[in-house]
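The values are calculated or read from the model by the stated rules, or taken from the named source; none is laboratory data. Because the structure is a prediction, the values reported are computed rather than measured. Glycine gets a Cβ as well: all are built from the backbone with ideal geometry, and neighbour counts include every protein chain shown. Heads up: the accessible areas ignore ligands, DNA and RNA and are worked out on the full protein's heavy atoms, side chains in. Shrake-Rupley method; radii C 1.70, N 1.55, O 1.52, S 1.80 Å.
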Amino acid sequence: MIIGVPEASFAMEMSSHSPVRSLSRILLATGFVAGLAVVAPSCARESTIPERLDDSTFWSMVNDLSEPGGYFHSDNFVSNELGFQYVIPEMLSAVGTGGVYVGVGPDQNFTYVSAMRPRIAFIVDIRRQNMLQHLMYKALIEMSSDRAEFMARLFSRDWGTEPESGLEADSLFTLMGTIPRDSTLFLVNLAAIFDRLTRHHRFPLDSEDSASLHYVYQAFFEAGTALTYSSNSMRGFGGRGMPSYRMLMTATDDENNNRSYLGSDEAFAALKDLQERNLIVPLVGDFAGPKALRAVGDWVRDRDAVIDVFYVSNVEQYLFQQGDDWRRFYENVATMPRGRRALFVRSISNRGWRPRQHPYARSSSVTSPIEDVLGLFRIGRLQRYADIIDLSR
């Protein structure tokens, strides 16, 4: 049954030279809708997503919605998408605040979440280490009263006298750059992380998970604010041409507004509120796998809610290189309940593709309506990763 269709005014600006883009116009004009899981605003009931998840429910979701972990070639401690804030105004214009957010990868999700302020967020990544890194972040954010305390805990640096509130992110990072790392503080903070997770929240972590979390936290200690996507214990924690944590947190959108979760006290407070209410749920899952995405969709549907933003980074690029994985991914997404203006947010590794992009970005952050993508997929006109690029704006 067709329930909703994206408004024609929300369609992408498309070139008449692209068959994929031209077909997308036809789909919008004829009212074709890609999936059966769309919920139009006029038909939607009030969401029953709770205001808070208790610890046992949160941990059950982390385990029950997840699937076995898999391989990725990088530790991916931080993002490599320097222009990731550029899509936030488009995202908010399309879907507003509230709703449900689904993402992948490390803490770039926090910037999108602090802007969108969803009812709940799910971070789905094939690496179990990513889930544990998010638990590390959760503990540190909950224990920190503000951005400065969080930074001190994350990097094991002692401010001495904590900076005044309201400083710009660049000023905070400049001040932190003058402070040496403290190995004693590292051990104290690491113990506090485990205490927060295993005693306060009562999340059971086995020895393998504990070692993985230790490894992640050690990386932040060793590299400090210079930590990058390509950092690891074998190659070192240097730049290797990638943006550092500091660069990512002090970047801006194309109007020179720093929307990162460390860009303002308000953004960090919004993130902290969601973490304290257990509403950022990290999962282990393969986008092409049989369980995690479908389980998230079932959980959201059962609470009369819809997914409004799905941040996929550049995962689609890898899926198109892995046989039919891309087909299984879109089949999974088609089962998930989606708002009629729901967006994919993705990264395209093609500097300069986007007319307005961070001058030092290695990739372009772009969006496309989920229904445009699934519409073409269902009629067999989505066959190549290049088709995804054609659909992006």
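Amide H to amide H distances under 5 Å link Arg340 with Val39, where only residues 5 or more positions off or on other chains count and H is placed in the peptide plane. Accessible surface calculations at 1.4 Å, restricted to protein heavy atoms, place the stretch 89-207 at 37 Å² per residue. Could you look at the stretch 140-250 and say what percent of its accessible area is carbon and sulfur, using a 1.4 Å probe and all protein chains? After summing per-atom areas, the C and S share lands at 50 percent. Computed from backbone phi with θ = phi - 60° and the Karplus coefficients 6.51, -1.76 and 1.60, the 3J(HN,Hα) list for the stretch 156-169 is 6, 10, 9, 4, x, 9, 5, x, 5, 6, x, 5, 5, 4 Hz; x is used for glycine and proline. Applied to the stretch 305-320, the Karplus parametrisation 6.51 cos²θ - 1.76 cosθ + 1.60 on θ = phi - 60° returns per-residue 3J(HN,Hα) values of 10, 9, 8, 9, 9, 10, 7, 10, 6, 10, 4, 4, 4, 5, 5, 5 Hz, with x for Gly and Pro. Using amide H atoms built in the peptide plane, which far-off residues or other-chain residues are under 5 Å from Val309 H to H? For Val309, the qualifying residues are Val100, Val102, Leu343.
When you count the other C-beta atoms within 10 angstrom of each residue and take the mean per peptide, 182-193, 150-161 line up highest first as 150-161, 182-193. According to the square roots a ≥ b ≥ c of the eigenvalues of the Cα gyration tensor, what is the shape class of the stretch 131-187, taking rounded for a/c under 1.5, prolate for a/b larger than b/c otherwise, and oblate for the remainder? Taking the square roots of the gyration eigenvalues as a ≥ b ≥ c, the stretch 131-187 is oblate.
In the stretch 164-299, the C-alpha radius of gyration followed by the widest Cα-Cα span (Dmax) gives 17.6, 49 angstrom. Overall shape: oblate for the stretch 256-393, with the ratio a/c of the largest to smallest alpha carbon gyration tensor axis at 1.5 or above and b/c at least equal to a/b.
With q set to 0.17, 0.22 Å⁻¹, the log10 of I(q)/I(0) for the stretch 60-133, from the Debye formula over equal scatterers at the Cα positions, is -0.72, -1.05. Please say if the stretch 114-238 is rounded, prolate or oblate, where rounded means a/c under 1.5 for a ≥ b ≥ c the square roots of the C-alpha gyration tensor eigenvalues, and otherwise the choice is prolate for a/b larger than b/c and oblate otherwise? In terms of gyration-tensor shape, rounded. P(r) for the stretch 278-355, from all Cα pairs and a bin width of 10 Å, is 17, 47, 28, 8, 0 %, short bins first.
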